[in-house]
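To start, the structure under review is shown below, and the notes come after it.
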Amino acid sequence: MKETKMGFIIMGFIFGVMALFINGVSISVNKFPSSLMLIAICIMCFCLAYLAPHLTVKDERAQKIRERSIYVNYFILIAVVVILMIVFNPVSSLHIDAYSLLTIMMTIYISSVFLTMVYYAKKY
C-alpha cells in the first residue's frame, strides 16, 4: 500500500513540474496554456495518493464515495457549462476555440471528481 501511495506522490510531482514548465512557457509567449490536462493529472495523482487506502477495498463505503462524487460532479459540470456559456456567449468580446473550451471543461471535471472523492472519503 505504501508503494502505491508513494508512486502516486512521485507521479504527482513529476506531472506538476511538467505542467508548470509547459504552461509557464505558453503563458509567457501570450498563448493559451497548452497543457491544462497535466494540471488535472497532477491533481488526480495527489488525490489518488490520499484515496488509495480508501478505494482499494471493495466495500460499501468505497462504493458510496464513488457514487456521491459522480452524482455531485454531474451538477458541477452543468454549472461549469452554464458559466462558460455566459462568459463566452456570441455577443461577448471574449472568444475561444472549441479545443481550448473542451480542455478547460475536462480539466475542471477531472479535478472536481477526484477532489470530491477526497471530500467524501474524509466525510464518511
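The values are calculated or read from the model by the stated rules, or taken from the named source; none is laboratory data. The shown structure was predicted, so the numbers you read here are calculated from the model rather than taken from an experiment. Positions of Cβ are backbone-derived with ideal geometry, glycine not excepted, and every protein chain shown enters the neighbour counts. Only protein heavy atoms, including side chains, enter the accessible area calculation; ligands, DNA and RNA are left aside. Shrake-Rupley method; radii C 1.70, N 1.55, O 1.52, S 1.80 Å.
So which residues in the stretch 15-29 are farther than 23 Å from H54 by Cβ and open to solvent by 50 Å² or more (accessible area, probe 1.4 Å), if there are any at all?
V17, M18, L20, F21, I22, V25, I27, S28, V29
So, in the stretch 109-124, exactly how many residues are within 21 Å of A79 (Cβ to Cβ) and either open to solvent by 70 Å² or more (accessible area, probe 1.4 Å) or in contact with a strand residue (DSSP E or B) (Cβ under 6 Å, 6 or more places away or on another chain) (or both)?
Selection size over the stretch 109-124: 3.
Identify all residues within the stretch 70-116 that are over 21 Å from S35 (Cα atoms) and at pLDDT below 90; write none if there are none.
N89, P90, V91, S92, S93
Which condition does F32 not pass, out of (1) part of a loop (DSSP other than H, G, I, E, B); (2) open to solvent by 40 Å² or more (accessible area, probe 1.4 Å); (3) over 23 Å from K2 (Cα atoms); (4) out of contact with any Ser or Thr (no Cβ under 9 Å at 6 or more places or on another chain), if it passes all the others?
With (1) part of a loop (DSSP other than H, G, I, E, B); (2) open to solvent by 40 Å² or more (accessible area, probe 1.4 Å); (3) over 23 Å from K2 (Cα atoms); (4) out of contact with any Ser or Thr (no Cβ under 9 Å at 6 or more places or on another chain) applied to F32, the lone miss is (4).
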